[in-house]
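The structure appears right after this line, and notes come after that.
The values are calculated or read from the model by the stated rules, or taken from the named source; none is laboratory data. Everything numeric here is computed off the predicted structure, so don't read it as measured data. Here the Cβ positions follow ideal geometry from the backbone for every residue, glycine too, while neighbour counts run over all protein chains shown. The protein model used for the area step is the full one, side chains on, heavy atoms only, and it has no ligands, DNA or RNA in it. Shrake-Rupley method; radii C 1.70, N 1.55, O 1.52, S 1.80 Å.
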Amino acid sequence: MEKGPFSVEWLAQSSRGGAQPAAAARRPRSPSGDAGGQESPADLGDPGHEAEAGGGATPGRPRTKFSAAQLQELERSFREQRYIGASEKRRLAAVLNLSQSQIKTWFQNRRMKFKRQTQDAR
């Protein structure tokens with residue numbers, strides 16, 4: 001039976017990612033086994049595209065290690081207000097020498113920690 005574009009076999013194969021467009025199926029393969037002769041970043045051994053051991057984190061910025069002084073100021077700000085405004089975020093970023101993105105992420109994580117703590121206390 002032919003695997004046409006509307007057959008059950010074709011649909012099952014395409015949902016698993018096994019179906020290739022006709023042009024890709026005819027493309028010559030390089031000795032390394034990939035199509036088109038171009039290597040993907042993972043094939044090149046690019047350290048930014050390797051899977052990290054022990055984590056499911058996406059490649060990118062390494063984990064930020066906050067100093068005690070930074071944590072003290074972040075916690076003080078969190079006690080005052082759980083949700084940080086744009087001006088306070090800019091101020092903290094400047095004072096603590098962190099990016100606004102790091103401040104925003106810290107507050108998100110701290111709210112989740114707070115939520116877990118309050119749920120565990122019940």
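So here's what we get for this one:
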| item | result |
| --- | --- |
| Test result for Thr64, assigned to a loop (DSSP other than H, G, I, E, B), surrounded by 10 or more Cβ atoms within 10 Å (Cβ to Cβ), within 20 Å of the chain's Cα centre (by Cα) and at pLDDT 50 or above | yes |
| Flag if Gln70 is open to solvent by less than 60 Å² (accessible area, probe 1.4 Å) and either of a type outside the set (Gly, Ala, Ser) or in a helix (DSSP H, G or I) (or both) | yes |
| Residue count for the range 76-99, restricted to those that are of a type outside the set (D, E, K, R), loosely packed, with under 15 Cβ neighbours inside 10 Å and under 25 Å from the mean Cα position of the chain (by Cα) | 5 |
